[in-house]
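Q: Below is the structure I would like to discuss, written out as structure tokens.
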Amino acid sequence: MPAPVPLLPEQAAEFARATMKAAKFPMLATMDGDQPRLRPVSPVRTEEFTVYVANLRRYGKTAEIAANPKVELCYCDADHNQVRITALAEEVTDRSLLSEIWEANPLLRAYLGSIDNPELVVYRMLPQRVRCMREWALQYVDAPL
């Protein structure tokens, strides 16, 4: 086992941003009643630690988030560094923001065809807590919000 390199609190925010950028695709945890559900997601926009995720209305996570908007995103990069974002998910209804996200995501446009497609749901994951850990350090450090 490599010697752990501690992560200092003043390094946490930059470390978390770098880990998120390197990992690209987080796992999203929701609750289905009393059963946790976990799946990879592809963010369509990220602003610091606020992450936006597109979804299809018919997917299971739509009902799960409606019943319990408490979610967690977990990023893990190739070096096994982690960022965990505890968040509240809310549906984005602001048309100008949806348009910005729509225009910036060609895959979204190709798949759904129209911003007015009734299947389109975009969630804003509002961070409540951000924790990160360098591999082998075995201790989470909170990043300031």
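The values are calculated or read from the model by the stated rules, or taken from the named source; none is laboratory data. Just so you know, these numbers come straight off a predicted model, no measurement behind them. Note: ideal-geometry Cβ built from the backbone for every residue, glycine included; neighbour counts use all protein chains shown.
Q: Where residues in region 109-145 are surrounded by 18 or more Cβ atoms within 10 Å (Cβ to Cβ) and more than 17 Å from the chain's Cα centre (by Cα), which of them is farthest from C76 (Cα to Cα)?
A: Among those residues, the one meeting the criterion is L120.
Q: Are any of the residues in region 97-108 surrounded by 11 or more Cβ atoms within 10 Å (Cβ to Cβ), closer than 18 Å to L38 by Cβ and either of a type in the set (A, V, I, L, M) or in contact with a helix residue (DSSP H, G or I) (Cβ under 7 Å, 6 or more places away or on another chain) (or both)?
A: No, there is no match, as no residue in region 97-108 is surrounded by 11 or more Cβ atoms within 10 Å (Cβ to Cβ), closer than 18 Å to L38 by Cβ and either of a type in the set (A, V, I, L, M) or in contact with a helix residue (DSSP H, G or I) (Cβ under 7 Å, 6 or more places away or on another chain) (or both).
Q: Where in region 45-120 are there strands (runs of 3 or more DSSP E), lying fully within it, with 3 or more residues that are at pLDDT below 95, in contact with a Cys (Cβ under 8 Å, 6 or more places away or on another chain) and not aromatic (F, W, Y)?
A: In region 45-120, there are no strands (runs of 3 or more DSSP E) which contain 3 or more residues that are at pLDDT below 95, in contact with a Cys (Cβ under 8 Å, 6 or more places away or on another chain) and not aromatic (F, W, Y).
Q: Starting from residues that are among the charged types (D, E, K, R) and not in a strand (DSSP E or B), keep the ones in region 121-144 and report whichever is modelled with the lowest pLDDT.
A: E135
Q: I want to confirm something. Restricting to region 39-93 and keeping residues that are of a type in the set (V, I, T) and in contact with a Pro (Cβ under 9 Å, 6 or more places away or on another chain), which single residue is nearest to E135 (Cα to Cα)?
A: Filtering first and then ranking leaves V83.
Q: A further question on this structure: Starting from region 1-26, take each residue that is among the hydrophobic types (A, V, I, L, M, F, W, C) and list its partners that are at pLDDT 95 or above and in a helix (DSSP H, G or I), counting only C-beta distances under 7 angstrom and pairs at least six apart or across chains.
A: L7/F15
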